[in-house]
Amino acid sequence: KPTKKMAKVGNALHAKTKKFAIYNILLFKKNKPLDSLLVKESERLIRNERYIRRVEITSELVGINSDSIDITVISLDSWSLIPNGSITPSRVTYELNERNFLGFGHKWDNTYRESLNNNNRSYSTRYSIPSILNTFITSSIYYQIDFENNYYKGIQVDRTFFSPLTKWAGGFLMENVFRRDSLPTIENS
């Protein structure tokens, strides 16, 4: 529990991580034999999430003569809304990245750029779901338009080697790219 006033205000303002966002990262399952390696690896995977500051997974016997244990996962969120910006003599850039959108563990990255020379603008956005139904399959949708009004939009689905215990990985990318291009004019003589 936060004790300082600023921490209490921050806690009230941001969306707290939902339970299912943490469950999506766990490698061990309910009502299955306990593998301590899976518990430690799950703890590492949760700690790698940029919206989690600290995590601890503990186990406790249910009863003296029981063959079951209760697993407790305690996590501490970190601030997940990250604004950023920069100014150069030719360009202004604003970024707003959310690493834990609505507490779901989803990522939403946005960038806006404006050219100070000719007032051209560019924009990009990407929304990512890191683990769909505890499969560690990540999906992303993105859209980008650059200073010349070229655009890129697409969807990406992949599963990386997220752990030494990963048995398979792969993915695909489907993208639509529109680029304006001009050919030099040839003059007849």
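The values are calculated or read from the model by the stated rules, or taken from the named source; none is laboratory data. If you're wondering where the values come from, they're calculated on a predicted model, not measured in any experiment. Positions of Cβ are generated from backbone atoms using ideal geometry, with glycine treated the same way; all protein chains shown enter the neighbour counts. Surface accessibility is based on the protein's heavy atoms, side chains included, excluding ligands, DNA and RNA. Shrake-Rupley method; radii C 1.70, N 1.55, O 1.52, S 1.80 Å.
Arrange the residues 127, 142, 51 by how much accessible surface each exposes, largest first, with a 1.4 angstrom probe.
Order by accessible area, largest first: 127, 142, 51.
Helix 36-48 against the longest principal axis of the chain: what's the angle in degrees, Cα atoms only, rounded to the nearest 10?
It works out to around 40 degrees.
From Cα pairs below 8 angstrom and at least 6 apart in sequence, can you work out the relative contact order of the range 64-168, rounded to a whole percent?
Details: 189 pairs, mean separation 15.3, N = 105.
Taking the mean separation of contacting Cα pairs over the length of the range 64-168, I get 15 percent.
Keeping all protein chains in place and using 1.4 angstrom, which order do 54, 44 fall into by accessible surface area, from largest down?
Largest to smallest exposure gives the sequence 54, 44.
Just to be sure I follow the rule: in the chain, considering lysines 8 or more places apart or on different chains, how many pairs have Cα atoms under 20 Å apart?
Eligible lysine pairs with Cα atoms under 20 Å apart amount to 23.
For the range 11-160, what is the accessible area per residue in Å², given a 1.4 Å probe and the full set of protein chains? Walk me through the numbers on the way to the answer.
Numbers: 9610 Å² over 150 residues.
Value for the range 11-160: 64 Å² per residue.
Counting alpha carbon pairs within less than 8 Å and at least 6 residues apart, what relative contact order, in whole percent, applies to the range 70-128?
That works out to 25 percent.
Work out the FRET efficiency for residue 48 and residue 108 from their Cβ-Cβ distance, taking R0 = 22 Å, and round it to the nearest 0.05.
Here the calculated transfer efficiency is 0.70.
Can you give the charge dipole size of the range 17-132 about its Cα centre, rounded to the nearest 20 debye, using +1 on the beta carbon of Lys and Arg and -1 on the beta carbon of Asp and Glu?
380 debye
With the contact rule set at Cα under 8 Å and sequence spacing of 6 or more, what percent relative contact order holds for the range 1-92?
Reported relative contact order: 20 percent.
Roughly speaking, to the nearest percent, how much of the range 75-184's 1.4 Å accessible area is carbon and sulfur?
Carbon and sulfur atoms account for 59 percent of the accessible area of the range 75-184.
Round to the nearest 10 and report in Å² the accessible area of residue 34, as given by a 1.4 Å probe over the protein chains' heavy atoms.
90 Å²
When the convex hull of the C-alpha atoms of the range 45-159 is computed, what volume per residue in Å³ does it have?
Cα-based convex hull of the range 45-159, divided per residue, equals 116 Å³.
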